[in-house]
Amino acid sequence: MAANYDYDEAPATYDDANRQELGYDPNFVPDSVKSFVVHLYRHIREKNVYEIHQMYEISFQTLSDRLFKDTPWPSVDAVAHYVDNDQVFCLLYREMWFRHLYARLSPTLKQRIDSWDNYCSLFQVVLHRVVNMQLPNQWLWDMVDEFVYQFQSFCQYRAKMKNKTEQEIALLRQFDQAWNVYGVLNYLQAFVEKSNIIQILEQEKEGIEQFTATDGYDYSGGSNVLKVLGYFSMVGLLRVHCLLGDYQTGLKCLLPIDINQQGVYTSVIGSHITTIYHYGFASLMMRRYVKAIREFNKMLLYIYKTKQYHQKSPQYEQILKKNEQMYALLAICLSLCPQTKLVEETVNSQLREKYGEKMARMQRYDDEAFAIYDELFSYACPKFITPSAPSFEEPLVNYNQDAYRLQLKLFLYEVKQQQLLSGVRTFLKVYSTISLGKLANYMEVDEPTLRTILFSYKHKTHAVDSDGKIISNADVDFYIDDDMIHVVESKPVKRFGDYFLRQIVKLEGVINDMDRIRLE
């Protein structure tokens, strides 16, 4: 039976109020927290996913806002006896405890190391014991997401060596395996392998499995934890490899998930956005511009239509931030590879509003255009990391920006090469046929140089996809026959459906406004 009141709506007691004045006591457990952990523990034991989700998403946030705005939750030792000292529950509680600490406060080095130890203990249990639980997908996604985030945060923290105290340096030396890149990758890979998720997704295509249809839950009374963690770990691997600058491996890790279809990754908004953001960014860096444009366009349209439903969600600010970053990345993609026909009108109008002026300047081959590419990339790229430990013998320096500077340098080198070709595209758009001599004359180069430029254009407008096939990113293509260039321009597909849908939505809005007006 459910409790008579919700944990987040439990009246604040004198002790609760008193505690706020006296400061943080890790062993003090307010009544509302006691009630929260007891009921959460019971719902987990009963595999009541709906109630667990309500408590995890709503009650935990409400209690955090009311009682723990700028202090941690009570320690795990203080609540353990309310939940029969259950080891797995205590590990899950500590996982939430550290997540709250990272979100609201600034963790110390010791707390970062303790969080790593807690993840190791929790993941060992899931990987090597029979876990008889059903947890909400949101929680399982947050677990993988936070694990990667804390790894990224630790690498950034460790790379700022200049002002580290002797005590911090001693701790870094002592716990040199904490948040080790191989350890992080091994856990994510172990989830993928132990869960057999790749085989499950293959069998689903053949109609044998029902993983996506049930959103990964096991309605026959089993556990969804290992399978869903394995599934989300593929997205986690994509993200880690993007942070390391290894885009090819990242995209390879995501291959078992068909992002052209609805999947379990779309059931959680944070997972959906993270997947498409990193997939699009990796595709951009691999020169697969058309794929990046298509996915950014779909995701931005989805956010545009659904963001009002997430306004009360704790992820809302993150949704808005990633939305803005993806618009910046879409502006980069379309400036390097003009393919506006791939972008829906709604997304295009938002894009023009945000970056129309900048995109016009990005088409030029000058320092100002270059600076805009630099600005947009720096704003929208992931927070790249250097995963290696510092050298403690040399003079201590900050190297937290090194990985970002390297990726920026590689990106701008590519932009410079692409900008050289923008003149060719301009001329090819004007002509259906033109002689090599005439085009060389217009471009003020000799014919051998023009041939080199045209070969470069062919190379830069084609990329190799994940299947090893050569794909074209060109909106204008050509072939040369006996010193004549023959231009083949792809025809835009007219989409009437979008126009009518927008007009229907506008009409519904007008009708609703009219219904609200009371006739006197």
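The values are calculated or read from the model by the stated rules, or taken from the named source; none is laboratory data. This is a predicted model, so every value here is computed, not measured. Ideal geometry is used to build each Cβ from the backbone, glycine not excepted, and the neighbour counts take in all protein chains shown. Just so you know, the surface numbers come from the protein's heavy atoms only, side chains and all, with ligands and any DNA or RNA stripped out. Shrake-Rupley method; radii C 1.70, N 1.55, O 1.52, S 1.80 Å.
Amide H to amide H distances under 5 Å link Asn398 with Met161, Lys162, where only residues 5 or more positions off or on other chains count and H is placed in the peptide plane.
Full extension from Asp25 to Gln311: what is 0.36 nm times the residue separation minus their Cα-Cα distance, to one decimal in nm?
Working: separation 286, 0.36 × 286 = 102.96 nm, distance 3.29 nm.
Here the segment from Asp25 to Gln311 would lengthen by 99.7 nm.
Here each label is just a point 7 Å from Cα along the line to Cβ, and for Gln248 and Gln203 those points are 3.3 nm apart. In the stretch 285-374, the convex hull through the Cα atoms has an average projected area of 6.2 nm², a quarter of its surface area. Largest first, the three principal axis extents of the alpha carbons in the stretch 390-474 are 64, 35, 20 Å in whole numbers.
Using 1/(1 + (r/R0)^6) with R0 = 35 angstrom and r between the beta carbons of Asp215 and Tyr479, what's the FRET efficiency to the nearest 0.05? Present the calculation step by step, with values, prior to reporting the outcome.
Numbers: r = 49 Å, r/R0 = 1.39.
Efficiency for this residue pair is about 0.10.
Projecting label points 7 angstrom from Cα along Cα→Cβ for Ser432 and Asp465 puts them 3.0 nm apart. Here's how it looks for Ile485: its modeled amide H is under 5 Å from those of Ile434, Ser435, Leu436, which are all 5 or more places away or on a different chain.
Packing-based ranking of 124-133, 225-234 yields 225-234, 124-133, ordered from highest to lowest mean Cβ neighbour count within 10 Å.
If you put +1 on each Lys and Arg Cβ and -1 on each Asp and Glu Cβ, how big is the dipole of the stretch 220-336 around its Cα centre, in Debye rounded to 20? Before the final figure, lay out each step's value.
Numbers: 13 positive and 5 negative charges, 31 e Å.
In total the dipole reaches around 140 debye.
In plain terms, the bigger the Kirkwood radius, the slower the diffusion; for the stretch 161-276, with that radius from Cα pairs, at 25 °C and 0.890 mPa s, Stokes-Einstein puts D at 154 µm²/s. Here the stretch 256-295 is treated as a sphere whose radius is the Kirkwood value from Cα pairs; by Stokes-Einstein at 37 °C and 0.692 mPa s it diffuses with a coefficient of 315 µm²/s. Take every pair of alpha-carbon atoms less than 8 Å apart whose residues are at least six positions apart; their mean separation over the length of the stretch 107-413 yields a relative contact order of 22 percent.
Given a Förster radius of 35 Å and the C-beta distance between Arg42 and Gln177 as r, what FRET efficiency does 1/(1 + (r/R0)^6) yield to the nearest 0.05? Please report the intermediate quantities before stating the final value.
Details: r = 37 Å, r/R0 = 1.04.
It comes to 0.45.
For the chain, the mean residue ellipticity at 222 nm estimated from helices alone is -20000 deg cm²/dmol, where every DSSP H run of n ≥ 4 contributes -39500 (n - 2.57) and the total is divided by all residues, rounded to the nearest 500.
Candidates Phe427, Tyr93, Ile52 compared by Cα position along the dipole of the chain: farthest toward the positive end lies Phe427, with charges placed on Cβ.
Rounded if a/c is under 1.5, else prolate if a/b is larger than b/c, else oblate: which is the stretch 200-255, with a ≥ b ≥ c the root eigenvalues of its Cα gyration tensor? Judged from the Cα gyration tensor, the stretch 200-255 comes out oblate (a/c at least 1.5, b/c at or above a/b). When peptides 428-437, 504-513, 134-143 are sorted by average Cβ neighbour count within 10 Å, with the highest value leading, the order is 134-143, 428-437, 504-513.
Largest first and in whole Å, the equivalent-ellipsoid semi-axes of the stretch 107-413 read 32, 29, 16, each the square root of five times a Cα gyration tensor eigenvalue. Counting only the backbone N, which residues of the stretch 327-342 are under 14 Å from the spot 7 Å out from the Cα of Glu353 toward its beta-carbon? Inside the label zone: 327. Computed from the alpha carbon positions, the gyration tensor of the stretch 431-488 leads to an equivalent ellipsoid with semi-axes of 24, 12, 9 Å, biggest first. Here the stretch 347-396 has 50 percent of its accessible surface on carbon and sulfur atoms, given a 1.4 Å probe and all protein chains in place.
Mind checking the full-extension length gain between Ser456 and Ala389? Use 0.36 nm per residue of separation minus the Cα-Cα distance, one decimal, nm.
Working: separation 67, 0.36 × 67 = 24.12 nm, distance 3.98 nm.
Result: 20.1 nm gained on full extension.
Tell me, what is the per residue accessible area of the stretch 107-413 in Å², probe radius 1.4 Å? Present the calculation step by step, with values, prior to reporting the outcome.
Working: 13520 Å² over 307 residues.
With all protein chains present, the stretch 107-413 gives 44 Å² per residue.
Quote the Stokes-Einstein diffusion coefficient, in whole µm² s⁻¹, for the stretch 79-158, based on the Kirkwood radius over alpha carbon pairs, a temperature of 25 °C and a viscosity of 0.890 mPa s.
Diffusion coefficient, whole number: 182 µm²/s.
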